[in-house]
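Novice: Have a look at the structure that comes next, please.
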Amino acid sequence: MLRALLLTLSVTAIAHAELCKPDAQNAFKVRISIKTALGDNAYAWDANEEYLFKAMVAFAMRRYSSKSTTQISNVLLCNVTDRVSFWFVVTDSSKNVTTVPGSEVEAAIRMNRNRINSAFLLSDKTLQFLKITSTLSPPVEPSTPVWLIVFGVVLCLIVAGIVFLIVSGIQKHKKKNEESTERENLEEKVEVTLENGIPCEALDLKAGHVNGVFAADDERFTSL
Amino acid sequence: LSATPEIPKEDGRPKWDNKFQYILSCIGFAVGLGNVWRFPYLCQIHGGGAFLIPYFIALLFEGIPLLHLELALGQCLRKGSIRAWNTISPYLGGVGVGSWMVSVLVSLYYNTVLTWVMWYFINSFQEPLPWSVCPLNENRTGFNEECYESTAVNYFWYRKTLNITPDIAESGTLQWWLILCLATCWAIVYLCTIRGIETTGKAIYVTAIFPYLVLTIFLIQGLTLPGATDGLIYLFTPNLNTLKNPRVWLDAATQIFFSLSLAYGGLIAFASYNPTKNDCEKDAVTVAIVNSMTSLYASIPVFSVLGFKATTAYWDCLDRNIISIINEFDLPEESIMRQNYTSWISFLNSSYPEKIAGLKLKSCNLQEFLDQSVSGTGLAFIVFTQAIILMPGSQAWAILFFIMLFSLGLSSMFGNIEGVFTPLLELQIIPKSAPKELLSGIICLISFLIALCFTLGSGSYWIDIFDRYAGSVPLLVITFFEVIGVVYIYKIKRFSKDVEWMTGRKLNLYWHITWRFISPLLLLIVFTAFVTLQMQKPPSYTAWNPKYEGFPMKEEKVYPPWVQAICVLLAALPCVCVPLVALFHLVKQKRRNKDPSFVPPEVFSCQGPNS
């Protein structure tokens with residue numbers, strides 16, 4: 001009994017060793033950078049973490065193919081290095097000693113990438129499945145580009161400033177015009193008194209001309 | 001009524017609200033984008049601290065005398081450039097016309113540079129900054145190819161801003177976003193210059209002082225960044241050997257000259273609004289020294305930030321190599337750090353040379369990153385924007401930086417526009433009853449329409465041409481004729497009496513020597529050297545061509561012949577005004593000499609009543 005058990009165990013061990021090795025068929029390499037992602041809060045990679053990983057892969061397979069046949073024991077890990085990096089492969093329990101095709105595993109992991117990342121507090125960059133490319137998230141595009149809004153604000157302010165200055169300029173101009181016409185009228189009168197109000201052409205140089213301004217004041221002068 | 005010369009005449013000319021406004025306007029005009037993105041570059045490539053020696057010699061013998069000449073001229077004659085030179089001698093009227101033309105050409109392209117600054121400014125309000133990430137390609141499998149091969153910053157500048165064509169002959173289409181920003185910039189210029197110095201005098205308080213505040217903030221921030229000291233040491237370490245190269249002296253002379261914004265007519269216009277009894281000598285020395293000090297002050301934060309960027313690039317290079325090695329050899333994380341990288345590399349190279357060779361590691365050299373010197377728009381829009389992404393709180397830094405650049409450029413634009421506006425106002429292009437606002441509106445509108453060609457795909461190539469040809473050689477020629485005209489035609493004795501009357505003390509021997517001999521000689525030497533250097537090889541430019549095999553390096557191309565003709569035209573047109581107007585006047589004079597009833601105009605003097 002014991003010998004039979006030992007025999008099956010060694011057979012499975014050898015079979016596992018053959019299924020999971022670097023560059024095996026349907027095997028994937030995983031690279032984890034915990035210290036880069038978490039810094040001081042980094043946890044150590046030990047057997048418990050490996051167990052969680054196997055569980056997550058099994059979970060992914062179950063969700064993808066929606067048949068509850070994948071067990072944690074179906075996921076095999078090997079060649080764990082200090083980096084931390086390792087290879088894993090998913091075996092098919094229905095068929096003996098075969099692995100699930102790589103495309104299925106890839107699709108399953110892609111579908112559940114977010115859940116797997118969150119379980120380990122990592123991201124696409126720090127939990128790398130080397131053959132599985134991640135789909136890039138589309139950039140967030142607001143409905144109106146932000147720059148258009150800022151531009152609108154700036155332009156409104158400038159136009160308001162220009163309109164204000166032009167209007168105030170027109171008002172000042174009108175006021176100056178009114179003032180200057182008033183002043184012109186005053187100046188004309190002043191000029192009139194200075195030049196005695198008589199246009200030069202009208203002056204008859206020989207005969208002379210009665211000066212209206214002084215003529216009016218005739219009565220004030222004492223007679224000689 | 002006889003007016004004694006001391007009583008200021010009410011000739012209805014606008015005047016500055018106070019002396020500070022005038023000084024600030026001159027400083028704002030002189031201090032421009034070149035102080036931030038050209039002087040530090042020159043310092044770096046010409047031996048660091050050693051460059052200051054030719055720079056200060058040029059300032060002493062070329063910058064200050066020529067600045068004093070222009071300010072004294074404007075203050076004495078109280079007219080814009082065209083009328084002023086006509087008054088000095090009708091044969092020299094061409095100098096004024098040439099100045100005016102240069103102001104027009106430079107205003108056109110300078111505001112387009114401000115358009116780019118404004119575009120970056122309004123894009124700085126986004127999170128993340130649009131030049132920090134590459135956009136995805138059409139089927140979302142990867143990044144846009146052009147962006148991926150160069151960098152996100154390069155892509156945003158060449159594709160998203162300029163939408164540049166691979167060749168100057170291909171004009172491309174008008175870029176609507178640039179047209180919007182161009183309209184805004186010209187609207188801002190109109191808003192500030194709408195009534196001449198009445199409005200620019202108020203605006204200058206903000207636009208001239210604000211850049212100093214921002215530079216100080218950047219200085220404090222820059223000095224706290226890692227790698228800043230490397231950048232500063234690299235900048236200021238003097239290498240006296242470079243002084244043997246005549247190119248260094250030429251660059252110092254041209255930098256001082258272009259930096260002080262001489263020969264645009266703007267300084268003459270500013271000074272013409274001064275009362276005649278004003279110490280123009282002190283003003284000139286103040287403005288020139290403040291301009292040079294600003295250049296020095298600006299180079300400190302610029303180089304701190306560049307040092308930071310080089311250090312970060314160096315660390316990135318090391319980190320990438322470290323990751324490749326760790327992944328290849330499956331070593332635990334953080335086993336190789338930046339400090340023990342070299343020892344690890346030598347160890348691994350000796351034990352596993354083929355594996356290391358297979359990794360194709362880039363050699364990381366800090367000196368190499370520091371040596372990547374850029375000037376001009378490349379510094380502001382590519383290098384600096386990349387450095388800003390790396391700083392915490394990038395949006396705030398980007399906004400501050402671009403507002404600073406905009407203020408620097410705007411205060412220089414005021415001087416440019418004043419150089420265009422004042423002569424036109426005096427020539428009475430529009431009837432006197434029409435408001436000043438109309439003239440400034442017409443100037444801004446026409447300039448906007450012409451500047452639309454700079455918003456084409458090939459626009460930035462054209463701006464380079466304008467900068468290299470219209471904004472360089474004509475200035476040297478015009479200033480040379482300015483000095484010769486004042487010293488030998490107006491006669492230095494007369495001019496020194498005028499200046500004595502204005503400043504209240506005798507003209508120093510220093511001014512006599514520099515005005516009579518040293519400055520004209522220096523100008524002649526600089527002009528010949530400059531032109532000789534330009535003629536040595538056919539004028540070429542570097543084009544951004546994604547299909548070029550050396551992409552992302554820029555492709556070196558030669559200008560086609562029709563473009564070369566335009567270059568020559570741009571450089572020659574303002575210069576040719578001088579002899580043309582002199583010839584025109586000579587012909588008019590000969591015809592007048594035959595007319596007996598002609599009375600020669602009275603001789604002008606600064607101190608008597610204005611003619």
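Each value in this text was obtained by applying a stated rule to the coordinates, not by laboratory testing. Computed from a predicted model, the values in this text were never measured in an experiment. Positions of Cβ are backbone-derived with ideal geometry, glycine not excepted, and every protein chain shown enters the neighbour counts.
Novice: Say a paramagnetic label sat at a point 7 Å from the Cα of B:ASN593, along Cα to Cβ; which residues of the range B:73-99 have their backbone N under 19 Å from it?
Specialist: B:89-93
Novice: Could you point to the residue in A:ALA37, A:PHE120, A:ALA108 farthest towards the positive end of the range A:15-129's charge dipole, with +1 and -1 charges on the Cβ of Lys/Arg and Asp/Glu respectively?
Specialist: A:ALA108
Novice: Rounded to two decimal places and with Rh computed the Kirkwood way over Cα pairs, what is Rg over Rh for the range A:15-129? It would help to have the intermediate numbers written out before the result.
Specialist: Values: Rg = 13.7 Å, Rh = 14.4 Å.
Radius of gyration relative to Kirkwood radius: 0.95.
Novice: Turning to a different aspect of this structure: Work out the FRET efficiency for B:PHE584 and B:ASN365 from their Cβ-Cβ distance, taking R0 = 56 Å, and round it to the nearest 0.05.
Specialist: Working: r = 62 Å, r/R0 = 1.10.
That gives a FRET efficiency of 0.35.
Novice: Which peptide among B:75-84, B:274-283 comes first, and what is the full order, when sorted by highest mean count of other Cβ atoms within 10 Å?
Specialist: Numbers: B:75-84: 25.1, B:274-283: 17.9.
Most protected by this proxy first, the peptides run B:75-84, B:274-283.
Novice: What 222 nm value per residue comes from the helices of chain B, counting each DSSP H run with n ≥ 4 as -39,500 (n - 2.57) and dividing by all residues, nearest 500 deg cm²/dmol?
Specialist: On the way: 27 runs with 386 residues, N = 611.
Helices in chain B give a 222 nm mean residue ellipticity of -20500 deg cm²/dmol.
Novice: Averaged over peptide A:146-159, how many Cβ atoms belonging to another chain are found within 10 Å of each residue's Cβ? If you can, show how the numbers build up before the last one.
Specialist: Values: counts 7, 12, 3, 2, 7, 10, 2, 2, 7, 6, 0, 2, 9, 3.
That works out to 5 on average.
Novice: May I ask which residue of B:ALA84, B:ALA187, B:ILE417 lies farthest towards the positive end of the charge dipole of the range B:19-593, with charges of +1 (Lys, Arg) and -1 (Asp, Glu) on Cβ and the Cα centre as origin?
Specialist: My answer, from the dipole projection, is B:ALA84.
Novice: Could you tell me which of the pairs B:LYS309/B:LYS355; B:LYS79/B:LYS594; A:LYS131/B:LYS362; B:LYS19/B:LYS491; B:LYS15/B:LYS79 are separated by over 22 angstrom between their Cα atoms in the structure shown?
Specialist: On the way: B:LYS309/B:LYS355 31 Å; B:LYS79/B:LYS594 31 Å; A:LYS131/B:LYS362 25 Å; B:LYS19/B:LYS491 29 Å; B:LYS15/B:LYS79 12 Å.
In this structure, B:LYS309/B:LYS355; B:LYS79/B:LYS594; A:LYS131/B:LYS362; B:LYS19/B:LYS491 exceed 22 Å between Cα atoms.
Novice: Pop a pseudo-label 7 angstrom from the Cα along the beta-carbon direction at both A:ALA4 and A:ARG62 and give the gap in nm to one decimal.
Specialist: Once both label points are built, they end up 3.1 nm from each other.
Novice: Rounded to the nearest 20 Debye, what is the dipole magnitude of the protein assembly as shown about its Cα centre when Lys and Arg each give +1 and Asp and Glu each give -1 at the C-beta? Could you put the intermediate results ahead of the total?
Specialist: Details: 66 positive and 66 negative charges, 182 e Å.
The dipole of the protein assembly as shown has a size of about 880 debye.
Novice: With +1 on each Lys and Arg Cβ and -1 on each Asp and Glu Cβ, and nothing else charged, work out how big the dipole of chain B is about its Cα centre, in Debye to the nearest 20. Present the calculation step by step, with values, prior to reporting the outcome.
Specialist: Working: 42 positive and 41 negative charges, 516 e Å.
That gives a dipole near 2480 debye.
Novice: So for B:HIS585, B:HIS68, fewest C-beta neighbours within 10 Å to most, what's the order?
Specialist: Ascending Cβ contact count within 10 Å gives the list B:HIS585, B:HIS68.
Novice: Please work out the Cα center distance from the range B:517-537 to the range B:129-164, rounded to the nearest Å.
Specialist: The range B:517-537 and the range B:129-164 have Cα centres spaced 43 Å from each other.
Novice: Quick one: length gained pulling B:ILE345 to B:LYS432 fully straight, 0.36 nm per residue minus the C-alpha distance?
Specialist: On the way: separation 87, 0.36 × 87 = 31.32 nm, distance 7.99 nm.
Length gained, B:ILE345 through B:LYS432: 23.3 nm.
Novice: Given B:SER107, B:ILE122, B:LEU136, which one lies farthest toward the positive end of the charge dipole of the range B:1-153, if we put +1 on the Cβ of every Lys and Arg and -1 on the Cβ of every Asp and Glu?
Specialist: Going by the charge dipole, the pick is B:SER107.
Novice: Rounded to whole Å, give me the distance from the Cα center of the range B:292-333 to that of the range B:20-59.
Specialist: 28
Novice: For chain B, what relative contact order do you get, as a whole percent, if you take Cα pairs closer than 8 Å and at least 6 residues apart?
Specialist: Relative contact order of chain B: 32 percent.
Novice: Could you pull the Cα extents of the range B:1-158 along its three principal axes, largest to smallest, in whole Å?
Specialist: Computed over the Cα atoms, the extents are 87, 41, 34 Å.
Novice: Short version: what are the Cα gyration tensor semi-axes of the range B:19-593, square root of 5 times each eigenvalue, largest first, in whole Å?
Specialist: Working: eigenvalues 437, 137, 101 Å².
Largest first, the range B:19-593 gives 47, 26, 22 Å.
Novice: Can I ask one more? Taking the Cα centre of each part, how many Å lie between the range B:426-478 and the range B:220-255?
Specialist: Comparing the Cα centres of the range B:426-478 and the range B:220-255, I get a distance of 34 Å.
Novice: Which are the unpartnered cysteines of chain B, meaning those with no other cysteine Cβ under 4.7 Å from their Cβ?
Specialist: Within chain B, the cysteines lacking a partner Cβ under 4.7 Å are B:CYS26, B:CYS43, B:CYS181, B:CYS185, B:CYS192, B:CYS280, B:CYS444, B:CYS453, B:CYS567, B:CYS575, B:CYS577.
Novice: Suppose each label sits 7 Å from its Cα in the direction of the beta carbon; what would the A:LYS176-B:THR237 distance come out to in nanometres?
Specialist: Between A:LYS176 and B:THR237, the simple spin-label model gives 6.2 nm.
Novice: A follow-up question, please. Once the Cβ-Cβ distance between A:TYR43 and B:GLU328 is put in as r, and R0 is 22 Å, what FRET efficiency do you end up with, to the nearest 0.05?
Specialist: Working: r = 25 Å, r/R0 = 1.13.
According to the calculation, E is roughly 0.30.
Novice: Across the range B:346-356, in residue order, what do the Karplus-derived ³J(HN,Hα) couplings come to in whole Hz, using 6.51 cos²θ - 1.76 cosθ + 1.60 with θ = phi - 60° and x for Gly and Pro?
Specialist: Result, rounded to whole Hz: 5, 4, 5, 5, 6, 8, 10, x, 5, 4, 5.
Novice: Please give the direction-averaged projected area of the C-alpha convex hull for the protein assembly as shown, in square nanometres with one decimal.
Specialist: 53.3
Novice: Treat each spin label as a single point 7 Å out from the Cα along the C-beta direction, and report the A:THR69 to B:ASP316 distance in nm.
Specialist: 5.0
Novice: Taking amide H positions as placed in the peptide plane 1.01 Å from N, state which residues far from B:ASN144 in sequence (5 or more) or on other chains have amide H under 5 Å from it.
Specialist: Placed amide hydrogens put B:LEU136, B:ASN137 under 5 Å from B:ASN144.
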